[in-house]
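Okay, so here's the structure we're looking at.
The values are calculated or read from the model by the stated rules, or taken from the named source; none is laboratory data. Bear in mind that the values here come from a model prediction, so they are computed numbers and not experimental data. No Cβ is skipped: glycine too gets one built from the backbone with ideal geometry, and neighbour counts run over all protein chains shown.
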Amino acid sequence: MSCRKVVCQECATTWDGVNYCRPCLAKRGALATPRARIGAWVGWAVMCAILFALAGRTMAWSAALFARMW
Amino acid sequence: MVGSAVREDVVSGREGALRLIDDGADAVGRLAAWTGLLWITALPSRFLFALLFARLVELGPEATQYADFLRRLAYSTLLAWLVSLWGRQAFVRACRHTLESDRPPPPSLLRVPARELAGYLVVALFVEALFWTLLLTLVAPVALLVAAGLAAAASGRAGPNPLDALRELGRSVGPAMRLVRLLVAFAVALAFATVNLHLFFRLGLWLASGVAGLDAAGWNSVLGWRNPLYRVLIVTGAALLLEPFWLAALTVHVELLRARSSGDDLRRWFAELRSRA
């Protein structure tokens, strides 16, 4: 237990091999949540950049090919 | 239960494409300002797309030799299109509000939450990239046109996670035949709108031909069907006219699916029955 308190097995939650009581888990969650959110936004930005580049290239390529066949 | 047929529609199986069009047209009729916003935000990208298409027609088989020029034009079109996505999302929010309430949508709906816009943006880009990649298959792009509209109506709620947003899009498909019928109805409407728009311009030209000093012969060739730019602009204009109805119909489709899956349709129906009792 990170806060050194004695908590019964039912009240403790194991996370990454460490037992946490409810308040400690809440503190840990508060720290972890913004990181996850930032991670999601970074992933979103990267994905959008890739898709934007891909969409632009495929638009030019397909349209040119279409015009050639037409 | 006599005379309650319209209310019973909420829980009945009669949820065909025509109902989507009816409800969508009813919503658009109450969203004049929001329709204007949708058109204004969409216009730059539509003009750039028309320009790209007209250049392609002019270049013909030599188009592949102008790759840099076409790529620049494609990216410009895409950048303008990104702005139109905000307009689409704001319109869909207003449309959703109109479906749920008799009050006019508040201006605060213009402030689209970042999470909502992000979810829509990533799915819209995915569909767009897929559309252009599969353009030559001719069938897949038609299905992706529907997906692009559904993305506006459904993907926003999922947030920035691309997989969640795509999952939300998948959940919003529902009965495929209803969407196919809707697509056919709008294809016919597009043809009618194109012909009407063309006749409108021809009528305008005919009326203006009586004005002294107007080069009617010159305008006749500009506003003629043989001019590729005019052709593209007319079809683009017709698509723009139908876009609010298309988005509204798809929003109705998504909201019907949500109401059915959450049991909200039954709750509403029961509340209406109790209020009448």
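Within the group B:Glu116, B:Glu128, which residue is buried (at least 23 other Cβ atoms within 10 Å of the Cβ), assigned to a helix (DSSP H, G or I) and of a type outside the set (Lys, Arg)?
It is B:Glu128.
Would you pick out the residues in region B:131-145 that are assigned to a helix (DSSP H, G or I) and free of Cβ contacts under 8 Å to residues at least 40 places away in the same chain?
If the condition is that a residue be assigned to a helix (DSSP H, G or I) and free of Cβ contacts under 8 Å to residues at least 40 places away in the same chain, then B:Phe131, B:Trp132, B:Thr133, B:Leu135, B:Leu136, B:Thr137, B:Ala140, B:Pro141, B:Ala143, B:Leu144, B:Leu145 are the ones that fit.
Would region B:170-177 turn up any residue that is of a type in the set (Val, Ile, Thr), surrounded by 13 or more Cβ atoms within 10 Å (Cβ to Cβ) and not in a helix (DSSP H, G or I)?
Yes, because at least one residue in region B:170-177 is of a type in the set (Val, Ile, Thr), surrounded by 13 or more Cβ atoms within 10 Å (Cβ to Cβ) and not in a helix (DSSP H, G or I).
Return the pair list, or none, for Cβ contacts closer than 7 Å from residues in region B:83-102 that are basic (Lys, Arg) to residues that are not in a helix (DSSP H, G or I), at least 6 apart or on different chains.
Cβ pairs passing all conditions: B:Arg93/B:Val112.
Can you confirm whether B:Gly224 is free of Cβ contacts under 8 Å to residues at least 60 places away in the same chain, closer than 28 Å to A:Ala67 by Cβ and outside any helix (DSSP H, G or I)?
Criteria met by B:Gly224.
Determine the pairs where a residue that is without any contact (Cβ under 8 Å) to a residue 12 or more places away in the chain and more than 13 Å from chain A (Cβ to nearest Cβ), located within region B:156-169, has a partner that is hydrophobic (A, V, I, L, M, F, W, C) and surrounded by 22 or more Cβ atoms within 10 Å (Cβ to Cβ) with Cβ atoms under 9 Å apart, the partner being 6 or more residues away or on another chain.
B:Arg167/B:Ala158
Inspect all residues belonging to region B:202-221 and state whether any of them is modelled with pLDDT of 90 or more, more than 26 Å from B:Ala90 (Cα to Cα), of a type in the set (A, V, I, L, M, F, W, C) and more than 20 Å from the chain's Cα centre (by Cα).
Yes, the conditions are met somewhere in region B:202-221.
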